[in-house]
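Beneath this line is the structure, given in structure tokens, with notes to follow.
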Amino acid sequence: MTTHNKIPATLIPGDGIGPEIVESVTEILDAVHAPFEWDKQIAGMAGVEAVKDPLPQKTIESIRRTGLALKGPLTTPVGGGFKSINVTMRQEFGLFANVRPVKTIIPGGRYDNVDLVLFRENLEGYYAAMEHYLPVGNDPHGIALASGFTSRAESRRIIKYAFDYAVKNNRKKVTVVHKANILKLLTGLFLEEGRKVAEEYKGRVEFNECIVDACAMKLVINPAQFDVIVTTNLFGDILSDLTSGLVGGLGMAPGANIGDNAAIFEAVHGSAPDIAGQGIANPLALLLAAVMMLRHVKREDLAKRIETAIDKVVVSGKARTKDLGGHATTKDFTEALKQALA
Ligand code: NAI
């Protein structure tokens, strides 16, 4: 591929603050002449309103064609029998790896030296949504029951993905996080595969294992002791919000959902209905997701350029949105970033 080739990619503005932050991010991508050729599609409430479907077939077909998407947050309609769109997308495209890097950007916060990447298994565990009720006496919902599952193959795939990432990105250590002392089979199998994969990388990547509750405590006390973390679906979901809190909250946390045939990049946060339409949303998490997307298509040069501009604008305090203690609107922030890129 030459640098002049356009790369087809699906763009989903999403709900709530989604369209505002997507506009900001695409303006910044345009400013660096990012190679994406956007195919704009709808999902979430926008899909429900337009075609009564939170994940319209046209959107699915677009992602199947491009294999690449940048997605604004989607509101999951409450009630009405709608399944979580994010979970549906992960299943539909076999997005087995949820990658959530966390890095200190603004110094002077809780920690100045956080730089870790969390890999969350995205398809199994308790999130396979096998739940039901059992009656007790007259109460049909007397007991709620959920079953999770772990497969050897998926455990191996996500753990190997984390180790490969460590090798490629010069990371020193992978920690497998589990609860094999209690969930001996469900997370024991994950740990068992972790130990096997670690053997294959011996001498290249250091291996460590940690029980999830101890990991939460250690992350809060000294996050610098972690480098790459790989864990199961539920633990990864919880720990990645914890780690985003270490560096200033959800407004700074990007994520990627990676499969063999598709990759979807998004902010970790939701559609923030409480501030939607006010023009004050922080586009940084989605911008950092776009930076991951640029690296995914091997445009390290553009990724670095945007990161340098972020450092200039956010670290210096030139423009920060309200959630980061500043007064900049989404538009002010976007303009400041574009100027820093010039
Ligand atoms: P949320 O992440 O949307 O909001 C939590 C808090 O953080 C709010 O006070 C919000 O104003 C603030 N916030 C979030 N992003 C921000 C940003 N970029 N700039 C400034 N402030 C920001 O979580 P909530 O309220 O629990 O969920 C709202 C909706 O989003 C729900 O329908 C939920 O299902 C959906 N959601 C979608 C996700 C996705 O599409 N990946 C992920 C999480 C939630």
Take the residues of the range 69-95 that are open to solvent by 10 Å² or more (accessible area, probe 1.4 Å) and of a type in the set (A, V, I, L, M, F, W, C): which is modelled with the lowest pLDDT?
Phe82
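So that you can scan it fast, the table gives a plain yes or no per residue for (1) within 12 Å of the ligand (Cβ to nearest atom); (2) part of a helix (DSSP H, G or I); (3) under 23 Å from Ala289 (Cα atoms):
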residue	(1), (2), (3)
Ala50	no, yes, no
Leu55	yes, no, yes
Thr59	no, yes, yes
Arg65	no, yes, yes
Thr75	yes, no, yes
Val78	yes, no, no
Asn86	yes, yes, yes
Met89	yes, yes, yes
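Being more than 9 Å from the ligand (Cβ to nearest atom), in contact with a strand residue (DSSP E or B) (Cβ under 9 Å, 6 or more places away or on another chain) and outside any helix (DSSP H, G or I): is that true of Ala256 here?
yes
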Of the residues in the range 240-276 that are under 24 Å from Ile106 (Cβ atoms) and of a type in the set (Val, Ile, Thr), the one that is nearest to the chain's Cα centre (by Cα) is Val268
Which of the following residues is open to solvent by less than 10 Å² (accessible area, probe 1.4 Å), at pLDDT 95 or above and either touching a Lys or Arg at 6+ places or on another chain (Cβ under 8 Å) or not assigned by TED's automatic domain parsing to the domain that holds Thr104 (or both): Gly279, Gly255?
Gly255
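Tell me, please, whether a residue that is in contact (Cβ under 8 Å) with a residue 60 or more places away in the chain, part of a helix (DSSP H, G or I) and crowded, with 23+ Cβ neighbours inside 10 Å can be found in the range 201-223.
Within the range 201-223, none of the residues are in contact (Cβ under 8 Å) with a residue 60 or more places away in the chain, part of a helix (DSSP H, G or I) and crowded, with 23+ Cβ neighbours inside 10 Å.
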Just to be sure before I move on: is Asp213 of a type in the set (D, E, K, R), closer than 28 Å to Arg110 by Cα, modelled with pLDDT of 95 or more and under 21 Å from the mean Cα position of the chain (by Cα) in the structure I sent?
no
Could you give me the residue pairs with C-beta distances under 9 Å whose first residue belongs to the range 316-342 and is surrounded by 19 or more Cβ atoms within 10 Å (Cβ to Cβ), whose second residue is of a type in the set (Phe, Trp, Tyr) and not in a loop (DSSP other than H, G, I, E, B) wherever it lies, and which are 6+ apart or on separate chains?
Ala319/Phe333; Arg320/Phe333; Thr321/Phe333
I want to confirm something. Restricting to the range 1-48 and keeping residues that are open to solvent by less than 60 Å² (accessible area, probe 1.4 Å), in contact with a Leu (Cβ under 6 Å, 6 or more places away or on another chain) and not in a loop (DSSP other than H, G, I, E, B), which single residue is farthest from the ligand (Cβ to nearest atom)?
Ala31
In the range 262-318, residues that are hydrophobic (A, V, I, L, M, F, W, C), away from the ligand (no atom under 16 Å from the Cβ) and assigned to a helix (DSSP H, G or I) total 6
Being buried (at least 24 other Cβ atoms within 10 Å of the Cβ) and farther than 23 Å from Asn5 by Cα is the filter here; which residues of the range 286-312 pass it?
Leu286
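The values are calculated or read from the model by the stated rules, or taken from the named source; none is laboratory data. Computed from a predicted model, the values in this text were never measured in an experiment. Backbone-built Cβ (ideal geometry, glycine too); neighbour counts: all protein chains shown. Ligands, DNA and RNA are excluded from the accessible area calculation, which covers all protein heavy atoms including side chains. Shrake-Rupley method; radii C 1.70, N 1.55, O 1.52, S 1.80 Å.
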